[in-house]
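Beneath this line is the structure, given in structure tokens, with notes to follow.
The values are calculated or read from the model by the stated rules, or taken from the named source; none is laboratory data. All values derive from a computational prediction rather than experimental measurement. Heads up, the Cβs are rebuilt from the backbone with ideal geometry, glycines too, and the neighbour counts pull from every protein chain shown.
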């Protein structure tokens, strides 16, 4: 019979309510487990109806997240429990999001009379002023709802991902979701080139799955590829840490093969999208996450050499199989770059007209018409900025529009610091490496596209980012 330390008995005697607290903790664990699956259902379903790009669909997602948040808060109150995770970085992010949302509210307030109206157009024969900062108040309100939804979704994820086991489970589940959409994209491309059974009206000959835009689908695939690449590297790290006296590690070969097949599947589908920037962003993000993980391996030179050789073989084979049409698009890169340069120059002109107030959240399509002229094609309506950084600055102004980037930069710096401090056996290194790879994908692709502005991509990215940032707090801090 084992001996029970006297200090333990005294501690138990001094806390007569300890048993009820443990019971409440168990109930909160069950509550968080249910919330985990409900949030995962959201991530899995948001891409289904045209990537939820239509306001009706992401409006439904907003209602769903709002109900989950309200029910969760009420349930915790009934249990007498606090939120599981309230890390310090969370308050900084919440403050930044709060300022951003307040700015959106100010943009729709009728305060123009106090300043003589906000100038919209000034020409020799006409001057137009508005009573609101936003020239599309309805879109600004919808943008506010979307940002609040993303903020609450991220907060709820932090609660359920305080449990380390759920991080691994979530990353694997997200990978399965992305692979399923990739498989559907290839099937729909080869069986009539349809989207949800309907004839496609854009991007014929490119894999788009349930997305309308191939570049947006490419970002979705790239985020999944980052997960697969890091998971492959994680298996290699585990194998590298085994001593020869430990014997053979069972299951690692089959696990590695499974993740490698998932990565190959996503790579082939990514090539089938014919998205040049999507392929580049996916390659950079996956390579970064993969190499970050391998820095934690032992016997690094041998492991890294074998891994890079394998990656080059798989990538080369994939490009030979499906890369012919991608090469055709690379040839057009110079002419397309000139078109984008002219387009971006006019967006910068739009920003210069209202550098501090912006034209209103979600108002890019309406605001760009004020500066739209040749050589940018005037027969085409530019509803999106094809550069998330410029779009934010044009809609929100340079100061407020930079807040999302600053928040992301802050979280990235935190994750880098935590990754560098973690030892090779820590179970936080894989979520951190995945988060950093995902940030790279989004940051690079946002330079030339609007993919992260699509709800399906935003939700997937936030889920991966939550896995990384939830690993920032130590177990003591989470307690």
Out of all the residues in the range 443-450, is one or more more than 23 Å from residue 337 (Cβ to Cβ), in contact with a helix residue (DSSP H, G or I) (Cβ under 9 Å, 6 or more places away or on another chain) and either crowded, with 21+ Cβ neighbours inside 10 Å or modelled with pLDDT of 95 or more (or both)?
-> no
Might you let me know whether the range 124-137 holds any residue that is touching a residue at least 24 places away in the same chain (Cβ under 8 Å) and closer than 25 Å to residue 31 by Cα?
-> no
Residues in the range 116-138: is at least one at pLDDT 90 or above and in a helix (DSSP H, G or I)?
-> yes
Residue in the range 35-55 that is farthest from the chain's Cα centre (by Cα), counting only those that are part of a helix (DSSP H, G or I) and either farther than 29 Å from residue 143 by Cα or at pLDDT below 95 (or both) | 55
Read through the list (1) at pLDDT 70 or above; (2) assigned to a helix (DSSP H, G or I); (3) touching a helix residue (DSSP H, G or I) at 6+ places or on another chain (Cβ under 8 Å), then give the number of the only condition that residue 298 fails.
-> (2)
Grab the helices (runs of 4 or more DSSP H) fully contained in the range 350-433, keeping just those with 1 or more residues being more than 30 Å from residue 132 (Cα to Cα).
-> 403-421
Within the range 406-413, identify whether any single residue is under 17 Å from residue 289 (Cβ atoms) and in contact (Cβ under 8 Å) with a residue 60 or more places away in the chain, and answer yes or no.
-> yes
Could you please let me know if residue 314 is within 30 Å of residue 190 (Cα to Cα), touching a helix residue (DSSP H, G or I) at 6+ places or on another chain (Cβ under 8 Å), at pLDDT 60 or above and surrounded by fewer than 19 Cβ atoms within 10 Å (Cβ to Cβ)?
-> yes
Return yes when residue 138 is closer than 12 Å to residue 104 by Cα and exposed (fewer than 14 other Cβ atoms within 10 Å of the Cβ) and no when it is not.
-> yes
Answer yes or no as to whether residue 67 is closer than 20 Å to residue 153 by Cα, modelled with pLDDT of 95 or more, within 21 Å of the chain's Cα centre (by Cα) and not in a loop (DSSP other than H, G, I, E, B).
-> no
So which residues in the range 73-88 are touching a helix residue (DSSP H, G or I) at 6+ places or on another chain (Cβ under 6 Å) and in a helix (DSSP H, G or I), if there are any at all?
-> 75, 79
Among the listed residues 176, 187, which satisfies the condition of being in a helix (DSSP H, G or I), in contact with a helix residue (DSSP H, G or I) (Cβ under 9 Å, 6 or more places away or on another chain) and without any contact (Cβ under 8 Å) to a residue 40 or more places away in the chain?
-> 176
Have a look at 218, 229, 233 and point out the one that is modelled with pLDDT of 95 or more and farther than 19 Å from residue 42 by Cβ.
-> 218
Which numbered condition trips up residue 80, out of (1) loosely packed, with under 15 Cβ neighbours inside 10 Å; (2) modelled with pLDDT of 90 or more?
-> (2)
